[in-house]
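Asks: Take a look at the following structure, please.
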Amino acid sequence: MDLKERAAKLLHDFKGDDYVFGLGVLDQVGALAAAYGDNALNIGNTTYLKPVTNRIVASLEKHGVKLAGGRIVPNAGPNCPREDVYRIESYILHYKPDCIIAIGGGSTLDAAKAANLLATLGEYNPEIDPYFGTGLVSAALQKTGKKLLPLIAVQTAASSGSHLTKYANIT
């Protein structure tokens, strides 16, 4: 088994069918999102990542999925500032998407995860700080019986593993 095959096996063993990778993966985002509904909140950078966001939007259109609010939501700044988390939470609450698609590096993915949490559990506790710590989000979800929105993480930076875990770093 060569290194590429070994890496693919490790990823599949770790994430199962919840992880899609390889050439042409951007064109699969529409089909993935359509499994959750017809309205997706897209978070991303529309300047230097414009070719990526355009391919994802085309894939969504092909599969009958609309952009929640008719727009791409601006991504998070470096080191995922909490202001960006609250801003993205607002988009989730206003546009009520069936799923979230975060396109970017670790900060954007982390912001999407944290905003998803706040939009889901905001009635339970609307501040981010009480959720900092291992197991606290899972406990709150279990206590409230609520579920996070499905999140499709399109990782565009090699420096972060944010797309592989449920954890988020917020500053």
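The values are calculated or read from the model by the stated rules, or taken from the named source; none is laboratory data. Keep in mind that this is a model prediction, so the values were computed, not measured. Quick reminder, even Gly has a Cβ in these numbers, built from the backbone with ideal geometry, and neighbours come from all protein chains shown. For accessibility, only protein heavy atoms count, side chains too; no ligands or nucleic acids. Shrake-Rupley method; radii C 1.70, N 1.55, O 1.52, S 1.80 Å.
Asks: For segment 74-171, what is the convex hull volume of the alpha-carbon atoms per residue, in Å³?
Replies: Value for segment 74-171: 91 Å³ per residue.
Asks: Also, I was wondering about something else. Residues of the chain: accessible area per residue at 1.4 Å, in Å²?
Replies: 56 Å²
Asks: Counting only Cα, what are the radius of gyration and maximum Cα-Cα distance Dmax of segment 1-87, in Å?
Replies: 15.5, 46
Asks: Suppose each label sits 7 Å from its Cα in the direction of the beta carbon; what would the K50-F14 distance come out to in nanometres?
Replies: Label-label distance for K50 and F14, simple model: 3.4 nm.
Asks: Now for a separate question. I'd like the carbon and sulfur percentage of the solvent accessible area for segment 1-104, probe radius 1.4 Å, heavy atoms only, ligands and nucleic acids excluded.
Replies: Numbers: 3400 of 6060 Å².
Carbon and sulfur: 56 percent of the exposed surface of segment 1-104.
Asks: Stick to Cα atoms and the Kirkwood definition of Rh, then tell me Rg/Rh for segment 38-117.
Replies: Working: Rg = 11.7 Å, Rh = 12.3 Å.
Rounded to two decimals, Rg/Rh equals 0.95.
Asks: Could you estimate the translational diffusion coefficient of the chain from the Stokes-Einstein equation, with Rh from the Kirkwood formula over C-alpha pairs, at 20 °C and 1.002 mPa s, in whole µm²/s?
Replies: It diffuses with D of about 130 µm²/s by this estimate.
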